[in-house]
Amino acid sequence: MSLILLENVKKTYISGEINVPALRGIDLSINPGKFISFVGPSGSGKTTLLNLIGCLDKPSDGRVLVAGSDITRLNRQTAAKFRGDNIGFIFQNFNLIPVLTVYENVEYPLIMVQNVPADKRKKRILDLLEKVGMSDQKDKFPAQLSGGQKQRVAIARALVTEPKLVLADEPTANLDHHTAYKVIGLMHAMQAEFDTSFIFATHDPKIVGEAEIVLTMEDGLITKTQENPINREVN
């Protein structure tokens, strides 16, 4: 069964008396455990599509199904619960909470969204921080970390709820070349270990080159689908 299924999805924004079409009719099926990039110029609809898949917005027409649920039917409260149980997010600007430590930032969704008991929280957080190479930084605050370290924490936070899907909007935009490749490699390792699907909206050729499927968008439509054979050993 598809992890994500979109059927004739359209999204129109209203600006004054003008209708601005962002998505013009998207049909798409994505299987579990994939590493996918949406690419295209600014205004092509990448971020809008990511927001619809992530339950952050609703389509003007069509259906969006994620993990077997028609998320277009969810109200605000049930959509928030669905996100917390099924979807992780990685942002361009990391979105770490500055007054919380690394450990507390990763812990935050387990307390606020899933209400996981303390003993289970601790084990899950420490395991993930070790996997992303941040165990020795767990008591530091975001201001004390490099960009690459912040993104590693963001990856751990996105995965700590054990989501089926992680959505990332330009996750390497603020990283240097070497750090970006390390972060991409880390996400591939997490994909292999947890069978989590990663979907990106990006202009970054590094991510595009590492994606299994590249979907090109123009003027609110998917105009090209390219599959890349990815053969790598995960260390």
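The values are calculated or read from the model by the stated rules, or taken from the named source; none is laboratory data. Predicted model, so just to flag it, every value in this text is computed and none were measured. Cβ: placed from backbone, ideal geometry, glycine included. Neighbour counts: every protein chain shown.
Here are the numbers:
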{"item": "Inter-residue pairs, beta-carbon under 7 Å, first within 12 Å of Val183 (Cβ to Cβ) and in the range 140-167, second among the charged types (D, E, K, R) and not in a strand (DSSP E or B), 6+ apart", "result": "Gly148/Lys182"}
{"item": "Lone unmet requirement of (1) in contact with a helix residue (DSSP H, G or I) (Cβ under 9 Å, 6 or more places away or on another chain); (2) modelled with pLDDT of 90 or more; (3) among the acidic types (Asp, Glu); (4) closer than 19 Å to Pro32 by Cα for Glu193", "result": "(2)"}
{"item": "Condition check for Ile155: β-branched (Val, Ile, Thr) and either modelled with pLDDT under 90 or under 16 Å from Ile184 (Cβ atoms) (or both)", "result": "yes"}
{"item": "Members of the range 109-160 found to be small (Gly, Ala, Ser) and on the phi > 0 side of the Ramachandran plot, listed by number", "result": "Gly133"}
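So that you can scan it fast, the table gives a plain yes or no per residue for (1) in contact with a Ser or Thr (Cβ under 8 Å, 6 or more places away or on another chain); (2) farther than 21 Å from Glu170 by Cα; (3) modelled with pLDDT under 95; (4) not aliphatic (A, V, I, L, M):
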{"position": "Glu7", "(1), (2), (3), (4)": "no, yes, no, yes"}
{"position": "Ile14", "(1), (2), (3), (4)": "no, yes, yes, no"}
{"position": "Glu17", "(1), (2), (3), (4)": "no, yes, yes, yes"}
{"position": "Val20", "(1), (2), (3), (4)": "yes, yes, yes, no"}
{"position": "Ser42", "(1), (2), (3), (4)": "no, no, yes, yes"}
{"position": "Thr47", "(1), (2), (3), (4)": "no, no, yes, yes"}
{"position": "Ile53", "(1), (2), (3), (4)": "no, no, no, no"}
{"position": "Leu56", "(1), (2), (3), (4)": "no, no, yes, no"}
{"position": "Ser60", "(1), (2), (3), (4)": "yes, yes, no, yes"}
